[in-house]
Amino acid sequence: MPTRSLPFSGASNFRDLGGYAGHGGRPVKWRQLFRSDHLAALTPQDQALLAQLGVTRAVDFRGQAESAAHAYALPGVAYHPLVIEPTVVQRALALQQAGRQLTAQDAVALMQETYRGFVHDNALRFAELFRLLLASDAPLVFHCTAGKDRTGFAAALILLALGVPREVVMQDYLLTNALYRRPAGLGSSAPQEVLNVIWRVQEDFLEAALQAVDQDHGGVQRYLERRLGVDDAARSRLAQLYLQPLPE
């Protein structure tokens, strides 16, 4: 069985979406769909591993300042920026400037608001991700800065579109807490209890997005079709491209 988490020195949250059972019990193909934290710190050995995996496409969800601060170009890898500006830090700063002492509860509410924003405000970016997935089954990695929020919602959409059960999608989402290593030297004036929320993932975060999909759009299938342009034919093609065929 291939390993899910891959041993990159410069990216702690790089992992494979393969192996999960999708439509008809067909597993997601290994070594085609990868999610990660940002790729700007990959070492030469990491780049060799990326080439060995056959990755030829990278989708970057980071905001403009994030990608400018940690830019990268990888040989043989086509770069696709799908910009989703981060909002949590700005909202937290606005609360602090208004004289509010942030609590962990405030941080959870901010994260949930951010995830609802993915659903309502960033549908065009996720629609473009699916266009890339449908255009070719060449191995692809998608990422943001930590590979946990924008990337986590994108991974959930892909797995749900492939028929992976929601509880399994949630398990994959929560793997970030076991894998992601926060970079050293990221200081902040926020209380530690707030940082512990912002730098990790919680079931409530992804659940806030999925509830918005259900309540405001009538469920995942309708959201995929009406907001992301992924209709029945597109879902069938996704299954053909990214699910293993059943044995004869």
Worksheet item: Exactly one of (1) surrounded by 13 or more Cβ atoms within 10 Å (Cβ to Cβ); (2) more than 15 Å from the chain's Cα centre (by Cα); (3) outside any loop (DSSP other than H, G, I, E, B) is unmet by E167. Its number?
Response: (1)
Worksheet item: How do the pairs read when you match residues in region 128-143 that are touching a residue at least 24 places away in the same chain (Cβ under 8 Å) and more than 12 Å from L228 (Cβ to Cβ) with residues anywhere that are exposed (fewer than 15 other Cβ atoms within 10 Å of the Cβ) and polar (S, T, N, Q), using Cβ under 8 Å and keeping only pairs 6 or more apart or on different chains?
Response: none
Item to complete: Kindly establish whether H120 is open to solvent by 40 Å² or more (accessible area, probe 1.4 Å) and either of a type outside the set (D, E, K, R) or at pLDDT below 95 (or both).
Response: yes
Item to complete: Tell me which residues, restricted to region 224-247, are of a type in the set (D, E, K, R) and open to solvent by less than 70 Å² (accessible area, probe 1.4 Å).
Response: D231, R235
Practice prompt. Pick out the one residue from L74, L50, L124 that is within 23 Å of S136 (Cβ to Cβ), assigned to a helix (DSSP H, G or I), touching a residue at least 24 places away in the same chain (Cβ under 8 Å) and out of contact with any His (no Cβ under 7 Å at 6 or more places or on another chain).
Written response: L50
Worksheet item: Does region 11-41 hold any residues that are assigned to a loop (DSSP other than H, G, I, E, B), open to solvent by 20 Å² or more (accessible area, probe 1.4 Å) and either in contact (Cβ under 8 Å) with a residue 60 or more places away in the chain or within 20 Å of G63 (Cα to Cα) (or both), and which are they?
Response: Y20, R26, K29, R31, Q32, H38, A40, A41
Worksheet item: For the subset of region 1-10 comprising residues that are out of contact with any strand residue (DSSP E or B) (no Cβ under 6 Å at 6 or more places or on another chain) and either closer than 17 Å to R182 by Cβ or not hydroxyl-bearing (S, T, Y) (or both), which member is surrounded by the fewest Cβ atoms within 10 Å (Cβ to Cβ)?
Response: M1
Fill in: Condition check for A209: crowded, with 20+ Cβ neighbours inside 10 Å, at negative phi and in a helix (DSSP H, G or I)
yes
Discussion item. Just checking, does region 43-66 include any residue being over 19 Å from Y180 (Cα atoms), among the aromatic types (F, W, Y) and in contact with a helix residue (DSSP H, G or I) (Cβ under 7 Å, 6 or more places away or on another chain)?
Written reply: no
Discussion item. Just checking, does region 84-106 include any residue being in a strand (DSSP E or B) and surrounded by 12 or more Cβ atoms within 10 Å (Cβ to Cβ)?
Written reply: no
Discussion item. Please verify whether R181 is surrounded by fewer than 16 Cβ atoms within 10 Å (Cβ to Cβ), part of a loop (DSSP other than H, G, I, E, B), of a type outside the set (F, W, Y) and at pLDDT 90 or above, treating the condition exactly as stated.
Written reply: yes
Worksheet item: Here are some conditions: (1) part of a helix (DSSP H, G or I); (2) under 23 Å from D232 (Cα atoms). A138 meets all but one. Which one does it not meet?
Response: (1)
Worksheet item: Is it the case that some residue within region 214-223 is surrounded by 17 or more Cβ atoms within 10 Å (Cβ to Cβ) and either basic (K, R) or touching a Phe, Trp or Tyr at 6+ places or on another chain (Cβ under 8 Å) (or both)?
Response: yes
Fill in: From R125, R91, residue being under 16 Å from the mean Cα position of the chain (by Cα) and at negative phi
R125
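Results for (1) within 21 Å of E66 (Cβ to Cβ); (2) in contact with a Gly (Cβ under 7 Å, 6 or more places away or on another chain); (3) of a type in the set (S, T, N, Q), shown as yes or no for each residue.
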{"residue": "T114", "(1), (2), (3)": "yes, no, yes"}
{"residue": "L133", "(1), (2), (3)": "no, no, no"}
{"residue": "A155", "(1), (2), (3)": "yes, no, no"}
{"residue": "A161", "(1), (2), (3)": "no, no, no"}
Worksheet entry | Residues of region 49-65 satisfying the condition of being under 12 Å from V77 (Cα atoms), aliphatic (A, V, I, L, M) and open to solvent by 50 Å² or more (accessible area, probe 1.4 Å) | A51
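The values are calculated or read from the model by the stated rules, or taken from the named source; none is laboratory data. What you are looking at is a predicted structure, and each value in this text was computed from that prediction instead of being measured. Every residue, glycine among them, receives a Cβ derived from its backbone with ideal geometry; neighbour counts consider all protein chains shown. Surface areas here come from the heavy atoms of the whole protein model, side chains and all, with no ligands, DNA or RNA. Shrake-Rupley method; radii C 1.70, N 1.55, O 1.52, S 1.80 Å.
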